[in-house]
Amino acid sequence: AKITRVDLLGNHLVLIAPAPSKIALSIKPNFDLSGALGGGRLALADPELVPAGEYAKAALFALGVWDSVRANIVPAENVRVALAYVARGEAPLGVVYLTDAKAEPKVRVIDVFPAQSYPPIIYPAALTKEARPDARAFLHYLSGTRARAIFLKDGFVPLGH
């Protein structure tokens, strides 16, 4: 059988704030995330339940700041809820996917987490054994230049060819 699975897209993890926020922070080992929160909450998807939260926890842990902010975390049921907390100003900072941040004009990206601080975020695509010809054509389209341009605009990282 022909292997049809392809790693189609990747994503980045970013630190966001409400758009009017004046917070400036550079993400590096032991950066002062706790100080930037100023006692406020850090919104992220629940690391126990949601991949976006697992990536966020991995990155914060790898950078040595997890313990300093874990008491401030407001775990959201998914990444869009975490995004909403920040967009509404209920949390001064949040950790979300770049694609979510780009889709919400009420937040701004403060910085991008270093890629080596968390496992790669990959969205695969594959055809099932019973896939019809139009499914194959759609997968081909998703791997093509027109789809690539759309994915790039939305903040995804096109992978493969």
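The values are calculated or read from the model by the stated rules, or taken from the named source; none is laboratory data. What you see is a predicted model; the values in this text were computed from it and never measured. Reconstructed Cβ throughout: ideal geometry from the backbone, glycine too, with neighbour counts over all protein chains shown. For accessibility, only protein heavy atoms count, side chains too; no ligands or nucleic acids. Shrake-Rupley method; radii C 1.70, N 1.55, O 1.52, S 1.80 Å.
The fraction of accessible area contributed by carbon and sulfur in the chain is 57 percent, rounded to a whole number (1.4 Å probe; ligands and nucleic acids excluded). Restricted to Cα atoms, the stretch 45-161 shows a radius of gyration and a Dmax of 16.8, 53 angstrom. Extension gain for Arg132 to Lys153 (0.36 nm times residue separation, less C-alpha to C-alpha distance): 4.6 nm.
Report note on the peptides 148-156, 42-50, 126-134: ranked by the mean count of other C-beta atoms within 10 Å, highest first, their order is 42-50, 148-156, 126-134. A DSSP coil position with no more than 16 other Cβ atoms inside 10 Å describes the following trypsin sites (Lys or Arg not before Pro) in the stretch 70-128: Arg88, Lys106. For the stretch 66-140, the per residue solvent-accessible surface stands at 58 Å², with DNA, RNA and ligands left out and a 1.4 Å probe. Between the listed residues Val50, Leu127, His12, the Cα displaced farthest toward the positive end of the dipole of the chain, a dipole computed from Cβ unit charges relative to the Cα centre, is found at Leu127. Dipole of the stretch 1-94 computed with +1 at Lys/Arg Cβ and -1 at Asp/Glu Cβ about the Cα centre; of Ser34, Leu93, Ser68, farthest Cα towards the positive end is Leu93.
Note on the chain: with charges restricted to the Cβ of Lys and Arg (+1) and Asp and Glu (-1), its dipole about the Cα centre is near 540 debye.
In the assembled protein chains, Tyr97 presents an accessible area of approximately 30 Å² (probe radius 1.4 Å).
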